[in-house]
Amino acid sequence: MLDLHSINMRRGMLYETIITTINPDKTPNAAPIGVICKDKDEIVVYLHEGSRTIKNIKNNRAFVVNILKDPLVFVESTMGNLSPEHFLEFNDEFNDNYAIQGSDAYFLAKVYDLKDIERKDQFGIDKSSIIRADVDEIVKNKDCVEPLNRAMYGVVEALVYLTRKDMVSGETEKLYNLRMKEISRIVNKVGAREHKEAIKKVMTAWNEDK
Ligand SMILES: Cc1cc2nc3c(=O)[nH]c(=O)nc-3n(C[C@H](O)[C@H](O)[C@H](O)COP(=O)(O)O)c2cc1C
């Protein structure tokens, strides 16, 4: 049977996916959501209060995680909803859920634990839910699936800024400092050991002789 390792999801890493859920009127909803791989058949998702996705998950206790890299699907599902022709409809085997057509892979997630929490973050008090779910029924449409993870992009961005270090000063240097801090935060949040090691080296070089 397929597990998360067979679609290259590694334990402890956070992947940018599109989650599809069912609205109360049975139409599909899609939204980009970060999914943490906890184990080969277990995921964790943090959802902010107020989205349709969290409401639908609370109602249905199941959702589909779509692995894909189509930029327009990400944009459309963030800014509104995807048009109906993007969705694949299922019957029994996926508990009537929908997936996104053309995904590199997708799987059904069944919620086994849902906790509402309040925590302080950089934007103030954040009300959200932590959802733990078992992975069921993985469909793999490509031999080699590469789920989207931001860590490598972050390391590359930080390296580009590093190569410009001696060229910037004043306001631009302040701006670059802020960006480097933010990139480092993201890489440490979503990356694997090697990404964290890489960004640490870049940050050390960035902060040298300043
Ligand atoms: C790449 C990306 C990742 C996101 N990850 C999350 C997340 O992990 N949790 C969350 O609550 N919102 C996340 N969002 C924000 C939701 O996608 C956004 O609030 C969306 O509009 C919710 O749509 P909905 O109301 O149809 O559920 C993310 C957005 C993007 C672009």
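The values are calculated or read from the model by the stated rules, or taken from the named source; none is laboratory data. As the structure is a computational prediction, the values presented were derived from the model and not from experiment. Backbone-built Cβ (ideal geometry, glycine too); neighbour counts: all protein chains shown.
One residue stands out among those in the range 148-196 that are under 23 Å from Ile43 (Cα atoms), surrounded by 14 or more Cβ atoms within 10 Å (Cβ to Cβ) and of a type in the set (Lys, Arg): the one that is modelled with the lowest pLDDT, which is Lys189. Being more than 9 Å from the ligand (Cβ to nearest atom), modelled with pLDDT under 95 and either crowded, with 20+ Cβ neighbours inside 10 Å or in the same structural domain as Val190 (by TED's automatic domain parsing) (or both) holds for only one residue in Leu4, Leu82, and it is Leu82. Ile57 meets each of the listed conditions (1) away from the ligand (no atom under 11 Å from the Cβ); (2) aliphatic (A, V, I, L, M); (3) part of a helix (DSSP H, G or I) apart from (1). The residue that is nearest to the ligand (Cβ to nearest atom), counting only those in the range 35-47 that are within 20 Å of Asp121 (Cα to Cα) and crowded, with 20+ Cβ neighbours inside 10 Å, is Leu47. Looking across the range 105-124, the residues that are more than 15 Å from Tyr46 (Cβ to Cβ) and either surrounded by fewer than 20 Cβ atoms within 10 Å (Cβ to Cβ) or within 12 Å of the ligand (Cβ to nearest atom) (or both) come down to Lys110, Tyr112, Gly124. For the structure I just gave you, tell me whether Leu47 is assigned by TED's automatic domain parsing to the domain that holds Thr78, more than 17 Å from Phe107 (Cα to Cα) and within 17 Å of the chain's Cα centre (by Cα). So Leu47 fits the description; yes. In the range 16-34, the residue that is surrounded by the most Cβ atoms within 10 Å (Cβ to Cβ) out of those that are more than 14 Å from Ile100 (Cβ to Cβ) and near the ligand (Cβ under 10 Å from one of its atoms) is Gly34.
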